[in-house]
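Data first, discussion second: the structure below is written as structure tokens.
The values are calculated or read from the model by the stated rules, or taken from the named source; none is laboratory data. It should be emphasised that the depicted structure is a prediction, and the values quoted were computed from it without experimental measurement. In this analysis, Cβ positions are derived from the backbone assuming ideal geometry, glycine residues included, and neighbour counts consider all displayed protein chains. Only protein heavy atoms, including side chains, enter the accessible area calculation; ligands, DNA and RNA are left aside. Shrake-Rupley method; radii C 1.70, N 1.55, O 1.52, S 1.80 Å.
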Amino acid sequence: MKTKILGILLGFCAILSAVHAQTIAEDGQHKELAWPTEQTCYIAMEPTNGTINFITWHVTNGSFSPTSDVSSIQGNNLRSVCVYWKNPKVTGTTAPKGSVYAEITYTQAGNTKVEKTMTIYQGIKSYNGVTPPSLTKDGGTTIPFGIQSFEIYFSKAFYLPYKDGGKNVSVQKLEWSLPSEWSSGSSIIESGEPSIKITTDYFSEGTIKVRGISSFYPEDKTNYSEIKIKRQFSFEEYPSSVKYGESSTYRYTVPLISGVSYEWNVPAGWTIVTGGNTYSATIAKNPCATSTDIKVRLKAGSQQSGWYTAPKATILPPDMTIPNIEQFRDVDISIDIPNDRVQSFSISGNGVEIVGGQGSNKLVCRFNKAGSQEINVSVSLKGCDTPFTFKKQVEVSKIQLSINGSDITCSSDPLNTYSISDLPNQATVVWSCSGGIEIAGSNIGSSCSFKGKAAGNAQVQATIKVSGETLELSKNIEVASSTGSPYISYTSDDRYINLTCHTPNIYGIREFIWDAVATGSGGSSQSSHMGPGGYYWTLPKGSYKVECIVVTQCARMVTSATIGGYRSSTYPNPVDHTLYVNISDMPLAENAISTASFGQNRLGKSYELRLFNFKGMLVRNLRVQENAISIDVSSLPEGNYFLHIILEEGKEPEVHKVVIAH
């Protein structure tokens, strides 16, 4: 028992008596640690000029009773108390603490006062929560089979994490726990040594644990530190794969250990041929085997090891013949096992159908989903109880379908039929269309008839439904024009005339046929047959009668123009406000432009003037009898225009290119 004296703060300093009084540090911490449950007694001083009425004591991490938890106690003349310290958990590198102090109520000069004594902080030598250093073994933690002897020891000295009076605190008592097969008698051994020598049995593995125990308070214990010891065992010979449906013999071999016999265990479909009690066994597999769990255990007298399972051999599935697979098409898939040995053969998966061949080694299958597919395969042989199942990856290409029929049709054609070849048997087709065509007759089936109703672009569509899937097909077609109004425009320079045949709203053009007849000096008659892109043509400088035939799928449309040798002229060009036109009764010299004033029309003829924009739209139309005409173009947008001057009915107009620029 230890006795300590607490002085009342605020000047009460006299020590009445003390038994084994301890030195008190400045912070009130006793340098000497107390054991858990150790009794320590304390005395409170009596006031110099006063009479004690009663004293109340308080304690943390301790109790005023050895059998129950009493943290506060009060008495009329309770000047001394004894504390029994608890067993708090260690959480760092300092010892856990408890504290004790007293509140003294006394009377002085007729007044009642309460004073609190100094608080004494007591360090407690606790093991609770401490973890010992790790354990180690020379040569590692794996040992061979057979009786083995070795030593287990701490990786470093085992001290408590805090100090007592500046010194390390050693753990003087250890509790070792051993596997029951490795102990003679009790598997719990108490020792003061930081190591232990162990002798094993033949086969068992186990975990060795150790913890520290307080000599003063045996219930105070540290955490465990442990080390696991394993046996070294491996299969030295075994197959990496076996094939389902075939009979084969394999050798399984494990290490040879002196004084040990062996027991082998095989699953259904396997038979031990030789070496059933030795380290090397020959084992046969029949065609029905679906497991490769081959096991062995070791025996020595009454001792035996647990079962050790050989590394699993991969069971290879039977070879399969799988051709290229196209979505919705029936395909034959077979396995390389004779038909007379097959009890059942099935394939399943997302969108997979079995169409035929059940009960044989060849199935007729249909795959309704395109892309990479995982299929489940099940094979059962005659005389076998358990089917063999496995997975296989296959690639299914998207079905290739297209609409067959003409790319160009005529609005005057009676019917044009479009069809889809090589449809899957179970497919249904619904036809539709858009643009300048319409359906003639039924819209259901592998083919459908359409007729043109208006020139322009159109589209034939087919919706195919098969095995719950929907496919959409389409084909763009052109409804060729039967009528139209092409016209010719041109530009020229010092050497060439560049002609363009305009084809507004004309569809299905197959060819442009150009013909130019020279009408004066400097020209050269010529012709040209050009394809759908031949709307542009170039001639040498001169006077011509030019004709362009636009050939569509359904018609031939002719336009012509006279170039050079004109009786008419225009100015200014470009023009901003007013365009002036002069018409002569006789042709001008080739390529000449006259700006002279013309008199009255001496022949009394009338002329028609038509002004077209670059889109071919008529923007001005005049009929005049004067030879000098003015046209107001101030309200027209800037751009290129073509003025057609019709001098005589039934003859080609004289065409002038006019540029309006404001």
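Brief remarks follow.
- Dipole orientation for the chain: of the candidates Leu256, Thr282, Gly436, Leu256 has the Cα lying most toward the positive pole (charges on Cβ; Lys, Arg +1; Asp, Glu -1).
- Accessible surface of the stretch 289-355, 1.4 Å probe, proportion on carbon and sulfur as whole %: 43 percent
- Cα lying deepest toward the dipole's positive end in the chain, options Thr491, Ser584, Pro540, charges on Cβ: Thr491
- D_trans [Stokes-Einstein, Kirkwood Rh over alpha-carbon pairs] for the stretch 80-149, 10 °C, 1.306 mPa s, µm² s⁻¹: 90 µm²/s
- Each Lys and Arg Cβ is given +1 and each Asp and Glu Cβ -1; about its Cα centre, the chain then shows a dipole of about 1700 debye.
- Computed magnitude of the charge dipole of the stretch 311-393 (debye, nearest 20; Cβ of K, R +1, Cβ of D, E -1): 160 debye
- Within the chain, antiparallel bridges make up roughly 90 percent of the DSSP beta bridges whose residues both belong there.
- Taking θ as phi - 60° and the Karplus parameters 6.51, -1.76 and 1.60, the scalar couplings of the stretch 643-650 work out to 9, 9, 10, 9, 8, 9, 4, x Hz in sequence order, x denoting glycine and proline.
- Per atom type, the stretch 111-205 shows carbon and sulfur on 44% of its accessible surface, probed at 1.4 Å.
- Aspartates and glutamates whose Cα lies under 15 Å from that of Lys605, excluding same-chain neighbours fewer than 8 positions away: Asp585, Glu626, Glu648, Glu649
- Proximal lysines to Lys453, defined as alpha-carbon separation beneath 21 angstrom and excluding residues fewer than eight positions away on the same chain: Lys475
- Surface composition of the stretch 430-515: carbon plus sulfur atoms hold 41% of the accessible area, using a 1.4 angstrom probe and ignoring ligands, DNA and RNA.
- Inter-label distance, Ser527 to Gln400: 4.5 nm, where each label sits 7 Å from its Cα along the C-beta direction.
- Stretching the chain fully between Ser247 and Gln625 yields a gain of 124.8 nm (0.36 nm per residue, less the alpha carbon separation).
- Protection proxy ranking of 654-660, 295-301, by the mean of other Cβ atoms within 10 Å over each peptide's residues and highest first, is 654-660, 295-301.
- Under-5 Å amide H pairs with Ala44, H placed in peptide plane, nonlocal only: Leu6, Ser80
- Of the whole protein surface, Tyr507 contributes about 70 Å² of accessible area at a 1.4 Å probe radius.
- Residues Thr274 and Ser149, FRET efficiency given R0 of 35 Å [Cβ-Cβ distance, rounded to 0.05]: 0.45
- Excluding ligands, DNA and RNA, the accessible surface per residue across the chain is 50 Å² with a 1.4 Å probe.
- Basic side chains Lys and Arg get +1 at the Cβ, acidic Asp and Glu get -1 at the Cβ, and with that the dipole of the stretch 190-342 about its Cα centre reaches some 500 debye.
- Hull volume per residue, based on the alpha-carbon atoms of the stretch 28-161 and their convex hull, is 135 Å³.
- When each of Lys312/Lys391; Lys89/Lys230; Lys156/Lys230; Lys163/Lys228; Lys243/Lys295 is checked by Cα-Cα distance, pairs over 29 Å: Lys89/Lys230; Lys163/Lys228
- Scalar couplings 3J(HN,Hα) for the stretch 523-529, obtained by applying the Karplus form with A = 6.51, B = -1.76, C = 1.60 to θ = phi - 60°, are x, 9, 5, 6, 9, 7, 9 Hz; x denotes Gly and Pro.
- Bridging of Lys545 to lysines at a Cα separation below 20 Å is possible for Lys651, Lys657, once same-chain residues fewer than 8 apart are set aside.
- Take the Kirkwood radius over Cα pairs of the chain, plug it into Stokes-Einstein at 25 °C and 0.890 mPa s, and you get 62 µm²/s for translational diffusion.
- According to the Kirkwood relation over distinct C-alpha pairs, the hydrodynamic radius of the stretch 204-293 is 16.8 Å.
- For a label point 7 Å along the Cα-to-beta-carbon line of Ser419, residues of the stretch 306-333 with backbone N under 12 Å: none
- Only one residue of Thr112, Pro132, Ser204 has its Cα farthest out toward the positive end of the dipole of the stretch 105-210, where Lys and Arg carry +1 and Asp and Glu -1 on Cβ, and that residue is Thr112.
- The GluC sites (Glu not before Pro) found in the stretch 208-246 that occupy coil by DSSP, while having at most 16 further C-beta atoms within 10 Å, are Glu219, Glu236, Glu246.
- The stretch 188-325: antiparallel DSSP beta bridges as a percent of all, rounded to 5: 90 percent
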